[in-house]
Structure formats: structure tokens, C-alpha cells
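No value in this document is a laboratory result; all are computed from the given coordinates. Predicted model, so just to flag it, every value in this text is computed and none were measured.
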Amino acid sequence: MPANSRWHTWVAVAVLALATACGGSSGSTASTPAPTPTPAPTVLSATATVAGTSQTIFTDAKGMTLYYYTPDKGGVVTCLAACAQNWPPLRLPAGVTTPRGDKGVTGTLGTVSNPEGGTQITYNAWPLYTWTKDQKAGDTTGQGVAGKWFVVTPTVASAK
């Protein structure tokens, strides 16, 4: 090997060694922060039959129909204790600070403090609930119960 080639090889090795010793390297090891995953929507839109008519309704992440309660007018949670046992409030999941909806959720999602704890999700200021008698995704058996419970649809007027 010619002396000139050995010299270039030695210089290249020395530079690489120096770079490694000083914290550098020949390959990129800089860590890029992992992207923050986008939280899954907490309110989804679906098609279901409500009172004999096919409509767009809102559901929770499990596909269970969401309802509003007319005494909650003004955005105040009034379904508490035994009522909330039958009509569980839709609360924000742990680690989520803002509710999200899929593309069919065209109104305003928000939150309200639930007097029994947690943060309850609202749609157009109506606190949202599921119904324990709905057995599977798409059931709407709570529609019209006691004349005060109604399926949430994109056209629900504001509770304010």
C-alpha cells in the first residue's frame, strides 16, 4: 500500500475516533421525540333507527348511543345518584383534557364538572349520558323515556 494511502486511512480513523470520543459518531443517533398520538374521538357519529326512522346519532367510543336529559337545560348536570346509575354520564377518559368528535360531530363539544366527580362531556352544552338498558351498539331504547331523555343527533339545539 503506498504511503499516501496509509496516511489517508490513518487520518480517517483518527478523525472517526476523535468524533466518537467527543460524543459524535459516524451514524446518526440523535433521538427524535416520538410524535404525541392523537387521542381517539370520544364522541362518534353513527346511523341508527330512532323511533322507526334511520338517523345520524352520536355514540361513545364503544358505539353505545348518547342521550341528553331535558332537565339539564342550561348545561347543569341534574341526573345524579340513582338517575346516574341508570344513565351513566359520559366522562372524559383519563389523560384526555378536551373531548374530540369524528367528522360527523358538527356542533360544539365541551365539558362540565359533574357534582359526583369527574368531567362530563357535553354537546351543544347538553351533558351526555348512556343508558344501561341499551344492550349493544346502535340500540336506542332510551329515546323518549319519561318524556325527558332523547338521543343526541347533530341537530340538537343548544342547551343554553
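A few comments on the model shown:
- Across segment 127-141, computed HN-Hα scalar couplings (Karplus, 6.51 cos²θ - 1.76 cosθ + 1.60, θ = phi - 60°) run x, 9, 9, 10, 10, 5, 7, 6, 8, 9, 3, x, 5, 9, 5 Hz from first to last residue, x flagging Gly and Pro.
- Cα-Cα pairs of segment 65-156 separated by more than 22 Å (percent): 21 percent
- Relative contact order computed over segment 44-151 (Cα-Cα under 8 Å; 6+ residues apart), in percent: 35 percent
- Dividing the mean sequence gap of close Cα pairs (under 8 Å, 6+ apart) by how many residues segment 69-129 holds gives a relative contact order of 40 percent.
- Computed from backbone phi, the HN-Hα couplings of segment 71-81 come to x, 7, 3, x, x, 9, 6, 10, 8, 10, 6 Hz, rounded to whole numbers (Karplus: 6.51 cos²θ - 1.76 cosθ + 1.60, θ = phi - 60°; Gly and Pro given as x).
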